[in-house]
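These notes concern the structure reproduced below.
The values are calculated or read from the model by the stated rules, or taken from the named source; none is laboratory data. As the structure is a computational prediction, the values presented were derived from the model and not from experiment. All Cβ positions, even for glycine, are placed from backbone atoms using ideal geometry, and neighbour counts span all protein chains on display.
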Amino acid sequence: MFSLLGRLGGVAVSRPLVASRVGTALSRRTFLSSPAVAFAAAVRPPAKAKKVVAAPAKKPPAKKGAAAKKPAAKPAAKKVAPKKKVAPKKKKVVAKKKPKRRVVAKKVVKKPARVTKAQGPPSRGASPFLVFAREYRKNKTGDTIQLSKEAGVAWRALPESEKQPYHAASVAERAAAAEAITHYFNTVDPLLLRRLNAQRRAQKKPRIINHTVPKKPPGAYVSWTLDQPPSPPGTSFADRGRQLGATWKTLSEAEKAPYRARWEEQIAAHRLKYPAA
């Protein structure tokens, strides 16, 4: 019975046992006593390591009355602009500061008053034509320039016999004017006359010359030339002047001194006698 049960139930029970026994027997045998029988060994795959997940840290309980803080937002990533080529820096040219000038108060100098026409010398008298033109325009009105042209035409048409009265009137008028001019230059202030000439020079007018006063004495060089002997006949005035000028330059100071001393004496006497000149 046991054998039957062993046969019937051994089908399911004895197989693993047989396999285990066979496996032990095969493992004990050597390659000398048994043929090489290879069985595929049951290989189990290695157990996968379990991932250890850390438990999230518990947040501390928020205090009562305090607002819950929001997590700070991450700053947006800035776009990197392409690098520009940097031009070489130019050296700054620093201008040197000029030293400040000292401001000095200018002295206010009063300019002398302008010399009027009445302060100048009197007129020298009218010519015969001006005497006639004055009489011609006496009872006429109109443009002065046009009347003067008409007077000129009438003067040229007059015969010489009719012009004689105007010539006589002109001579008498100029004689009286000459006396007035002489009196003016004898009594005028020299400074006033110099101011008047400076004023006329600025206006590009000829200077007023006192013809009633003799000329100033000549200088040292002119005095020396007057003492020199005359040049040979046929010598021009320009050649004589060049020869005398070259000779004067060769003279020493001792030779020139007498002529300079003579001029200083003469000019001092002239200024004393004619201060207005």
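A compact table of results
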| item | result |
| --- | --- |
| Residue within the stretch 246-256 that is out of contact with any strand residue (DSSP E or B) (no Cβ under 8 Å at 6 or more places or on another chain) and either under 27 Å from residue 127 (Cα atoms) or not in a helix (DSSP H, G or I) (or both) present | yes |
| Long-range neighbours under 8 Å by Cβ, at least six apart or interchain, first residue over 17 Å from residue 270 (Cα atoms) within the stretch 172-199, second part of a helix (DSSP H, G or I) | 173/131; 192/119; 196/119 |
| Selected residue (criterion: modelled with the lowest pLDDT) from residues of the stretch 125-179 that are small (Gly, Ala, Ser) and farther than 29 Å from residue 210 by Cβ | 142 |
| Residue selected from the stretch 208-225 under the condition free of Cβ contacts under 8 Å to residues at least 40 places away in the same chain and in a helix (DSSP H, G or I), by the criterion surrounded by the most Cβ atoms within 10 Å (Cβ to Cβ) | 224 |
| Of the criteria (1) loosely packed, with under 14 Cβ neighbours inside 10 Å; (2) assigned to a helix (DSSP H, G or I), which one residue 228 fails | (2) |
| Residue 228 being out of contact with any Phe, Trp or Tyr (no Cβ under 9 Å at 6 or more places or on another chain), without any contact (Cβ under 8 Å) to a residue 60 or more places away in the chain, farther than 30 Å from residue 269 by Cα and not hydrophobic (A, V, I, L, M, F, W, C) | no |
